[in-house]
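None of the figures in this text is laboratory data; all of them are computed from the coordinates on show. Here the structure is a predicted model, which means the values were calculated and not measured. Reconstructed Cβ throughout: ideal geometry from the backbone, glycine too, with neighbour counts over all protein chains shown.
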Amino acid sequence: MYLESSYKIRDKYLRTDMLPTMFCPGCGIGSVLQFTLRSIEELGWKQDEVVWVSGIGCSSRVPGYVNFDGLHTTHGRALAFATGIKMANPDLKVVVFAGDGDMSAIGGNHFIHAIRRNLDVTVILINNFTYGMTGGQVAPTALKGLKGTTAPYGNFENPFDISQLAVAAGANYVARWSVFNYVQGMNSIKKALQKKGFSLVEFLSPCPVSFGRRNRMKTAPELIRWYQKITVPISKAKKMSPEELEGKVIIGEFVDRDRPSLDEEYERYKERAKKLMGWEE
Ligand SMILES: Cc1ncc(C[n+]2csc(CCOP(=O)(O)OP(=O)(O)O)c2C)c(N)n1
């Protein structure tokens, strides 16, 4: 039954002429792609209602594999292009597929300002704590002590908690899971897709080749066990001290609210301007 529905998803939504993907064995991006496609299928959305946008990185390859209109743009700039799409055609649903490097390093300013404006898009963020495509440099999300080509003795900088950054900047919906939290992850994607305003679903996602190898976790099962060790559900985290939470990653739903989105505010602004200026329709 599950396999049958997987074939249906594959045949309906993937550009089979683009397969196989460039993802390495054990990479989590395919799982997150599947959650997103299953969510769209369950919501009954039509393919021509949705646009996929990405920047550069392994995760940013995704729009090229799916049978939707999409843009594969420049590193860190996916949200700038997404802003153009959404404001030019507010009826379109915009999904941004991004890496943690793309959104929190080179695209960090686009990220916080798109959220501040409450742009009506859903960001599906693949957090592998590394720059996967370029071979494993540490990303701003890398926890202290993790190794990468740019930190062979262990990262000594403080990491960004990208979900908390999104909450603080004003996102309407934010959740974080690991790719192994299949049910919760899909529920969050469905909620995020239906949410008006900015929504983010962050996934801790295994990158055995660029990240795991440098951190003594060469295979996906080793990374699964590590995620189980470092993740703490939000309900449990509330009872823990900052010292106990050191080196841990909290998972769960962080915010679910309904602030007006950028396109809604822009429509109101246009109406106000027309009234003030006495312009006719
Ligand atoms: C302007 C610019 N700077 C740097 C690069 C090199 N580059 C390509 S992908 C990448 C990082 C990708 O990391 P991330 O966004 O985390 O995605 P992942 O590959 O891990 O999925 C970098 C720095 C680039 N393509 N363009």
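So if I average 1/r over every pair of distinct C-alpha atoms in segment 124-281 and take the inverse, what Kirkwood radius in Å does that give?
The Cα-based Kirkwood calculation yields 17.6 Å.
Apply the a/c threshold of 1.5 to the C-alpha gyration tensor of segment 1-89 and tell me whether it is rounded, prolate or oblate.
Here segment 1-89 falls in the oblate category.
Looking at the chain, send over the antiparallel percent of its DSSP beta bridges, to the nearest 5.
In the chain, DSSP labels about 20 percent of beta bridges as antiparallel.
Evaluate the charge dipole of segment 151-281 about its Cα centre and quote only its size in Debye, nearest 20, assuming +1 on the Cβ of each Lys and Arg and -1 on the Cβ of each Asp and Glu.
480
Stick to Cα atoms and the Kirkwood definition of Rh, then tell me Rg/Rh for the chain.
Rounded to two decimals, Rg over Rh is 0.99.
Dipole magnitude of the chain about its Cα centre, charges +1 at Lys/Arg Cβ and -1 at Asp/Glu Cβ only, in debye to the nearest 20?
That gives a dipole near 680 debye.
With just the Cα atoms of segment 50-108, tell me how far they stretch along each of the three principal axes, in Å, largest first.
30, 23, 13
Beyond 27 Å, what share of the Cα-Cα pairs of segment 51-185 is found? Please give it as a whole percent.
18
Ordered by packing density, taken as the mean number of other Cβ atoms within 10 Å over each peptide's residues, highest first, how do 210-220, 168-178, 254-264 rank?
168-178, 210-220, 254-264
CYS24 to ASN67: FRET efficiency via 1/(1 + (r/R0)^6), r the Cβ-Cβ distance, R0 22 Å, to the nearest 0.05?
0.40
Set the bar at 26 Å for Cα to Cα. Now go through LYS86/LYS270; LYS12/LYS191; LYS218/LYS239; LYS144/LYS238 and name every pair that lies beyond it.
With Cα atoms farther than 26 Å apart: LYS218/LYS239.
Between their Cα atoms, which of LYS195/LYS229; LYS93/LYS248; LYS46/LYS195 are more than 23 Å away from each other?
Among LYS195/LYS229; LYS93/LYS248; LYS46/LYS195, the Cα-Cα distance tops 23 Å for LYS195/LYS229; LYS93/LYS248.
What order, most packed first, do the peptides 230-243, 121-134 have when packing is the mean number of other Cβ atoms within 10 Å of each residue?
The most tightly packed comes first, giving 121-134, 230-243.
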